[in-house]
Structures are given as C-alpha cells and as structure tokens.
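The values are calculated or read from the model by the stated rules, or taken from the named source; none is laboratory data. What you are looking at is a predicted structure, and each value in this text was computed from that prediction instead of being measured. A quick note on method: Cβ atoms are made from the backbone with ideal geometry, for glycine too, and the neighbour counts reach across all protein chains shown.
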Amino acid sequence: MTQYIPPGGVVFADGPIELNAGRPVTKLVIRNTGDRPIQVGSHFHFFEVNAALEFDREQAFGKRLDIPATTAIRFEPGDEREVDLVPLAGKRRVNGFNNLVDGWTGGDEAKNVYQPRKAEALRRMELFGFKHRKA
C-alpha cells in the first residue's frame, strides 16, 4: 500500500535531480556595463535581456539560463561572469520580452535548421542599441 500524500504534499526523489538532462549547453561570458544591478529570470529569452548586458547575443538566440525554474541570476554593475544556456523547449516561440524576435526561434543552428526570425532580431538588436560582442 502506498503512503497517503495530502493535496499539495511533496514527494521527494531518492537522489539528486539533474536539470535539463541531455540538453546541449552554451557557455557565455556576460558583463554588466550598466550602473544598476540586473536580474535575469530562469525562463527569460536570454538574447533579449537588458541592453546593458554585453555578450555574444547571436549565441544566445533561442536559449534561456540553465537554472531551476523560478530562480534568477543577478549581475551587479561591472560584474563579469560565465553562465550556461540551454535551448528553449516546446514550440520555441518568443513573444514580448523586448520585442526583438516576436516569433519562432527555429531549430538547432548547429544542425543548420532554419531560424527565420534570427536575422531580423539581430538587426533590431543593433537598431535599439543592445550591447553585443562576438565570443
């Protein structure tokens, strides 16, 4: 007989849980060039984060932070740190945020899968003054 778990109860696993198991990881160095702290949540489309964060945005297209859901990473002014990114899952549509993409982010670029919104998103990134540096 199984143990009764009340509604809202928690069942713990026997061992550690690996987040995003088997998903490809992209490592990027991020620098806050602004004068205020910037916090980025777990499921924010990293390509579109605050314009004062400087990094290779092209490498971040269609990706999010590889951290647990509902958590965030804070970048203090002048800080530089390495982060891990993983591809967005599901339908991979990005709407809103900073309105650089507003559409499908496409498939895996490493496999030469069509990414229809990438060129326009890169153009808008430059037009709106988002910091960018090639890795």
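Has the stretch 52-71 got at least one residue that is modelled with pLDDT of 90 or more, surrounded by 13 or more Cβ atoms within 10 Å (Cβ to Cβ) and in contact with a Gly (Cβ under 7 Å, 6 or more places away or on another chain)? Talk me through it step by step, then tell me what you get.
First, the residues of the stretch 52-71 that are modelled with pLDDT of 90 or more: 52-71.
Now restrict to residues that are surrounded by 13 or more Cβ atoms within 10 Å (Cβ to Cβ): 52-67.
Add one more test, that the residue is in contact with a Gly (Cβ under 7 Å, 6 or more places away or on another chain), and what stays is 52, 62.
Taking every residue of the stretch 52-71 in turn, at least one turns out to be modelled with pLDDT of 90 or more, surrounded by 13 or more Cβ atoms within 10 Å (Cβ to Cβ) and in contact with a Gly (Cβ under 7 Å, 6 or more places away or on another chain).
Please find, within the stretch 33-51, the residue that is farthest from the chain's Cα centre (by Cα) out of those that are part of a loop (DSSP other than H, G, I, E, B) and buried (at least 20 other Cβ atoms within 10 Å of the Cβ).
In this case the residue turns out to be Val49.
Do we have any residue at all in the stretch 1-8 that's touching a Lys or Arg at 6+ places or on another chain (Cβ under 9 Å) and more than 21 Å from Leu122 (Cβ to Cβ)?
No: the stretch 1-8 contains no residue that is touching a Lys or Arg at 6+ places or on another chain (Cβ under 9 Å) and more than 21 Å from Leu122 (Cβ to Cβ).
Of all residues in the stretch 60-103, which are closer than 11 Å to Ile30 by Cβ and touching a residue at least 60 places away in the same chain (Cβ under 8 Å)?
Once the filter is applied, which keeps residues that are closer than 11 Å to Ile30 by Cβ and touching a residue at least 60 places away in the same chain (Cβ under 8 Å), the stretch 60-103 yields only Leu85.
Given (1) assigned to a loop (DSSP other than H, G, I, E, B); (2) within 21 Å of Leu122 (Cβ to Cβ); (3) among the β-branched types (Val, Ile, Thr), identify the lone condition not met by Ile67.
(2)
Go over the candidates Arg31, Arg57 one by one and state the one that is among the basic types (Lys, Arg) and out of contact with any helix residue (DSSP H, G or I) (no Cβ under 8 Å at 6 or more places or on another chain).
Among Arg31, Arg57, only Arg31 is among the basic types (Lys, Arg) and out of contact with any helix residue (DSSP H, G or I) (no Cβ under 8 Å at 6 or more places or on another chain).
Among the residues of the stretch 53-64, what is the count of those that are of a type in the set (Gly, Ala, Ser) and in a loop (DSSP other than H, G, I, E, B)?
Number of matching residues: 1.
Scan the stretch 91-104 and give yes if some residue there is on the phi > 0 side of the Ramachandran plot and modelled with pLDDT of 95 or more, otherwise no.
Checked against the condition, which is being on the phi > 0 side of the Ramachandran plot and modelled with pLDDT of 95 or more, the stretch 91-104 yields no hits at all.
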